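A.B. asks: Let me give you the structure first, and then I'll get to my questions.
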Amino acid sequence: MSRRYLLSAAVLAFTAHVQAAAPTVDPSFGWRRLFETGGGSQSEIAVAHARTADGGYVVALEVPGGGAAGGTGMRIGLFRHDADGNPVSSGFGVGGQVIKDAWLTSVTGMAIDSQGRIVVIGATPGQGGRSDFGVVRFNPDGSDDTSFAGDGGTAVGFDHSGLNTDDNPTSVLIDAADKIVVAGDWHATGTEAQFCALRLNVDGSIDNTWGSISDGAGGKRGTCDGFAAGKDAHARRILRIDRGYYVVAGTSSFSSTDTDFAARILTPSGSQWAGYVGSRTFPIDMPAADDSLFDTLTDAVLVDSTTILLVGTSSDRLAATRIKAGAENNSSQYSTLQTDPSFIGGGPASFSHTFVDATPSAMAGSAAIAPNGQMMLVGSTTHMPIGLSTDAHEPQGSAPPMHGLLVQLNANGTIDGGFGDGGNATIDVPSGNSSAYYTWISQVSFAGSRPVLLGTSSFSIVPVTDLDGILTRLRSDLIFADGFQVQY
């Protein structure tokens, strides 16, 4: 079978004896498989998607074959689709695709500004064999935006005090003035890892009014710090909250066997409160079989202007908690982070104001908030539900099967028992050889009440090779009255 966009809505491999109510693809959208035309059997990995002003989508993929790192770098893949998932074949790159070698070693995030310009971030080679933040901007039609940093891209490092640091960006947002805020990690041998953030002006220059690190010329060049003294800090998401404040969310290392969700407030000028004021860890502490307590944050999502949903993995299970930014002593300045007491949570163990999913062997991706306040968490699992373990579609003698995992929570953080199998469901994308059980969902958003899923799935599974990005939209009701099985 040739590689092509898959338009059929009847592609979900759920059985009646596994799920009583399963999510189903919106037939007006179907599945969209995204890959570089003519790229052969290379693996294209989904990174991010964002809505355009006309209700369509731009999807960013990480495509191998860039010139960085001696020819082992990654290229930027941008794909333009309309509101119903159809490729926009004219007016954007070639056939709706832009494949750009911007000398990156990774592609890690993407956002769209108020002018429709597309901003992509990733690591790029820096001094001493280390890496820097790379930021690239495209015009709305996918062409290079040469008004940005002179040629469309810029690299920024946090090297200081004689240290060559590895700087790896993980999150990008666009503020109300179209300035670009990028957050990520800073690390040098023999030091604790720290989160770092900086802001770029619209023209791509560093905003020297933002941050706490001196640029040596009377200005600033961003902020680097931790979530707790003496502990490694890894940023995953930066969010802009009420009154222009920011929250950096990520993972803090408590010990070699214990890591926690964490977050820290930055002021509107990008500086941090002294003495770790406005910084806090939020342990889930679901024990693993070896008694380790690894909580790894993968995303943070704004619920409202001061409330943030933290989502990640706790000892190989999807987990979430909700936090609120506040002020102390009647101050107008946000300087505290607290667990949201209205988030009840639940799961296989009893944790206060925390949700832990029952599905084992899972990896978290992202989360989104529905218009009615419900939350969808997405990721993947290698756990095989009872009744599918001998299914003919299972790969034999290859990597363990991986299924997309969807979990729906009510607005108070309790699981929505009417969704899927008691609140969660697995989803699989068909492959060209009609036998794929290798899918992970990395990002979710809502188009009205309909979840939009972005992920990656294998085109070939014995062995697992040729990964492609996938995009789909689910029906708003998400439910069939009875279980079903579709052959493909």
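A.B. asks: With respect to the cross-link table entries LYS100/LYS220; LYS100/LYS179; LYS231/LYS324, which display a Cα-Cα separation exceeding 27 Å?
C.D. replies: LYS100/LYS220
A.B. asks: Considering the values (i) 30.4, 117; (ii) 21.9, 68; (iii) 23.1, 79, which represents Rg and Dmax of the Cα atoms in Å as calculated for the structure under consideration?
C.D. replies: Matching entry in (i) 30.4, 117; (ii) 21.9, 68; (iii) 23.1, 79: (ii).
A.B. asks: To continue, here is another question. Check ILE284: other-chain or 5+ apart residues with amide H under 5 Å from its amide H, H built from backbone geometry?
C.D. replies: Hits under the 5 Å cutoff: PHE261.
A.B. asks: List residues of segment 218-242, by number, whose backbone nitrogen lies under 14 Å from a label position 7 Å along Cα→C-beta of GLU192.
C.D. replies: The answer is 224-235, whose backbone nitrogens lie closer than 14 Å to the label point.
A.B. asks: Moving to a separate point now. At a 10 Å Cβ-Cβ cut-off, how would you order LYS231, LYS100, fewest neighbours first?
C.D. replies: Neighbour counts put them in this order, fewest first: LYS231, LYS100.
A.B. asks: Let me ask you something else. Would you mind ranking SER279, SER332, SER457, SER43 so that the residue whose beta carbon has the fewest other beta carbons within 10 Å leads the list?
C.D. replies: Listing SER279, SER332, SER457, SER43 from fewest to most nearby Cβ atoms yields SER332, SER43, SER279, SER457.
A.B. asks: Report the one residue of VAL88, PHE158, LEU310 whose Cα lies farthest in the direction of the positive end of the charge dipole of the chain (charges on C-beta: Lys and Arg +1, Asp and Glu -1; origin at the Cα centre).
C.D. replies: Comparing the listed Cα positions along the dipole, VAL88 ranks first.
A.B. asks: Let me ask another. Could you give each residue of segment 312-326 its phi-based ³J(HN,Hα) in whole Hz, using Karplus coefficients 6.51, -1.76, 1.60 with θ = phi - 60°, and x for Gly or Pro?
C.D. replies: x, 10, 10, 6, 6, 9, 4, 9, 8, 8, 10, 10, 10, 8, x
A.B. asks: From the phi angles alone, apply the Karplus equation (6.51, -1.76, 1.60; θ = phi - 60°) to segment 110-119 and give each ³J(HN,Hα) in whole Hz, x where the residue is Gly or Pro.
C.D. replies: Each residue's phi maps through the Karplus curve to give 7, 8, 10, 8, 5, 8, x, 6, 9, 10 Hz.
A.B. asks: Quick one: what are the phi-derived ³J(HN,Hα) couplings along segment 59-64, Karplus 6.51/-1.76/1.60 with θ = phi - 60°, whole Hz, x for glycine and proline?
C.D. replies: Per residue, the Karplus-derived 3J(HN,Hα) values read 10, 9, 10, 9, 10, x Hz.
A.B. asks: So, one more: Mind listing the long-range amide H neighbours of LEU467? Cut-off is under 5 Å, sequence gap 5 or more, other chains count too, H placed in the peptide plane at 1.01 Å from N.
C.D. replies: Here the answer is SER43, GLU44, PHE459, since their amide H atoms fall under 5 Å of that of LEU467.
A.B. asks: Which of ALA50, ASN412, GLY38 sits closest to the plus end of the dipole of the chain, meaning its Cα is farthest towards the positive end, when Lys and Arg get +1 and Asp and Glu get -1 on the C-beta?
C.D. replies: ALA50
A.B. asks: How high is the relative contact order of segment 31-473? Use alpha-carbon pairs under 8 Å, at least six apart in sequence, and give a whole percent.
C.D. replies: That works out to 10 percent.
A.B. asks: Quick query: amide H of MET74 versus all other amide H atoms, modeled in the peptide plane; which residues come in under 5 Å with a sequence gap of 5 or more or a different chain?
C.D. replies: Under 5 Å from the amide H of MET74: GLY66, ALA68, LEU104, THR105, SER106.
A.B. asks: Further question: From the square roots a ≥ b ≥ c of the eigenvalues of the alpha-carbon gyration tensor of segment 179-318, which class results: rounded (a/c under 1.5), prolate (a/b over b/c), or oblate?
C.D. replies: prolate
A.B. asks: Could I ask something else about it? Just how far, in whole angstrom, is segment 221-247 from segment 66-141 if you go by their alpha carbon centroids?
C.D. replies: 25 Å
A.B. asks: Rank PHE138, ILE344, THR257 by how far each Cα sits towards the positive end of the charge dipole of the chain (+1 on Lys, Arg Cβ; -1 on Asp, Glu Cβ) and give me just the farthest.
C.D. replies: After comparing all options, I get PHE138.
A.B. asks: Would you order ASP258, ASP225 from fewest to most other beta-carbon atoms within 10 Å of each residue's own beta-carbon?
C.D. replies: Least crowded to most crowded, the residues run ASP258, ASP225.
A.B. asks: Report the charge-dipole magnitude of segment 31-473 in Debye, nearest 20, computed about the Cα centre from +1 at each Lys and Arg Cβ and -1 at each Asp and Glu Cβ.
C.D. replies: The dipole of segment 31-473 has a size of about 680 debye.
A.B. asks: While we're here: In whole angstrom, note down how far apart the Cα centers of segment 279-311 and segment 253-271 are.
C.D. replies: 11 Å
A.B. asks: Ordered by packing density, taken as the mean number of other Cβ atoms within 10 Å over each peptide's residues, highest first, how do 86-94, 52-60, 72-80, 401-409 rank?
C.D. replies: Highest mean packing first, the order is 401-409, 72-80, 52-60, 86-94.
Where a number appears in this text, it was derived from the coordinates with a stated rule and is not lab data. Bear in mind that the values here come from a model prediction, so they are computed numbers and not experimental data. No Cβ is skipped: glycine too gets one built from the backbone with ideal geometry, and neighbour counts run over all protein chains shown.
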